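The values are calculated or read from the model by the stated rules, or taken from the named source; none is laboratory data. Model, not experiment: these values are computed from the prediction. Every residue, glycine among them, receives a Cβ derived from its backbone with ideal geometry; neighbour counts consider all protein chains shown.
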Amino acid sequence: MQTHEPTQPHTSKGFSVREQLLQEIEETPDEVLKEVLDFLLFIKARSSPKESTAKSLLKYAGTWQGDDLEDCLQLVHETRGQFYIADEEASNQ
């Protein structure tokens with residue numbers, strides 16, 4: 001894969017980040033843009049985590065299908081992170 005070297009030094013003087021990105025996009029090959037898009041989507045997903053509550057998870061109760069529940073539960077216990085369940089009484093105050 002070829003790398004893209006800027007043809008001229010870019011400064012933020014007078015240009016917003018969005019404008020600079022748009023200019024760079026116009027000068028960048030599609031195969032590089034695909035990588036940039038993947039990275040951008042990754043960063044957006046990482047920086048805006050979805051908050052789930054116990055109530056929002058109840059819609060999945062009783063829906064498990066298959067014979068690998070124990071294996072999946074073990075994987076969840078090994079890889080899960082901490083989470084917060086809001087107290088409804090505290091959130092209604």
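Considering the conditions (1) closer than 27 Å to ASP87 by Cα; (2) at pLDDT 85 or above, TRP64 is excluded by exactly one of them, (2). Whenever a residue of the stretch 71-87 is closer than 17 Å to LYS55 by Cα, its partners that are in a loop (DSSP other than H, G, I, E, B) and of a type outside the set (Asp, Glu), lying with C-beta atoms within less than 9 angstrom and at least six residues away or across chains, give the pairs PHE83/SER52; TYR84/THR53; ILE85/SER52; ILE85/THR53; ALA86/THR53. Only one entry of GLU19, GLU70 meets the criterion of being exposed (fewer than 10 other Cβ atoms within 10 Å of the Cβ) and modelled with pLDDT of 80 or more, and that entry is GLU70. Tallying residues that are at pLDDT below 80 and part of a loop (DSSP other than H, G, I, E, B) within the stretch 46-61 yields 6.
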